[in-house]
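The values are calculated or read from the model by the stated rules, or taken from the named source; none is laboratory data. Note that this is a predicted model, so its numbers are computed, not measured. With ideal geometry, Cβ positions are generated from the backbone for all residues, glycine too; neighbour counts draw on all protein chains shown. With ligands, DNA and RNA removed, areas are computed over all heavy atoms of the protein, side chains included. Shrake-Rupley method; radii C 1.70, N 1.55, O 1.52, S 1.80 Å.
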Amino acid sequence: MKITFTINRKPQTVNIEDENTPLLWVLRDILDLKATKFGCGKGACGACTVKVEDDAIRSCSYAVKFAKGKSITTLEGLGTAEKPHPVQQAWIEEIVPQCGYCQPGFMMATAVLLDKNTNPTDEDLDKNISNVCRCGTYYRMRKAIHRAAEIKRAETLNTEDNV
């Protein structure tokens, strides 16, 4: 079965035997996008979080058939080395990762949150970022999320000023 979607702003068609294959395995094994990680396989830990349309989705429990015709963003498509996304820039500035395994999922969940709320409170983070980090870098992540929000607000102001 052929399934077409947009991945990191590029049209993509994959030929897949089982349309119920988790999107995670299509990303990693077929499209060679390795930033998205396998964690628990049950949609609980968030290591596999990607952006589908405007939502943070746990790709390990999201059948690829549901991706048909949709726009998907992984960490590889968030920003570039020359122009990192505000979340990537904040993660660098705050030296967030310890082992780093879960960080792509946290970063994608954060990017989705900041698309909807550019000034999140700690309560907003508690309600919207439910990913799990075994290293316990939550304090640094919280600082980075607030820093990313600052960067994003500043970019928005600069864009509006230049219009």
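Data for the structure
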item	result
The chain - percent of accessible surface contributed by carbon and sulfur, probe 1.4 Å	49
Equivalent ellipsoid, the range 64-127 (semi-axes from 5 times Cα gyration tensor eigenvalues, Å)	21, 17, 13
Accessible area (Å², 1.4 Å probe, nearest 10) - Cys99	90
Principal axis dimensions, largest first and in whole angstrom, of the range 79-162 by Cα	43, 30, 16
Surface per residue (accessible, 1.4 Å probe) for the chain, Å²	54
Within the range 78-127, GluC sites (Glu not before Pro) in DSSP loop having at most 13 other beta-carbon neighbours inside 10 Å	Glu82
Of the DSSP H helices in the chain, those whose Cα atoms cover at least 18 Å axially and whose Kyte score averages 0.5 or more	103-116
Along the chain, longest interval not containing exposed trypsin sites (Lys or Arg not before Pro), exposed being DSSP loop plus at most 10 other Cβ atoms within 10 Å	43-163
For the range 2-77, fraction of C-alpha pairs farther apart than 15 Å, in %	46
Using alpha carbons only: equivalent-ellipsoid semi-axes of the range 40-89, gyration tensor based, whole Å	22, 14, 7
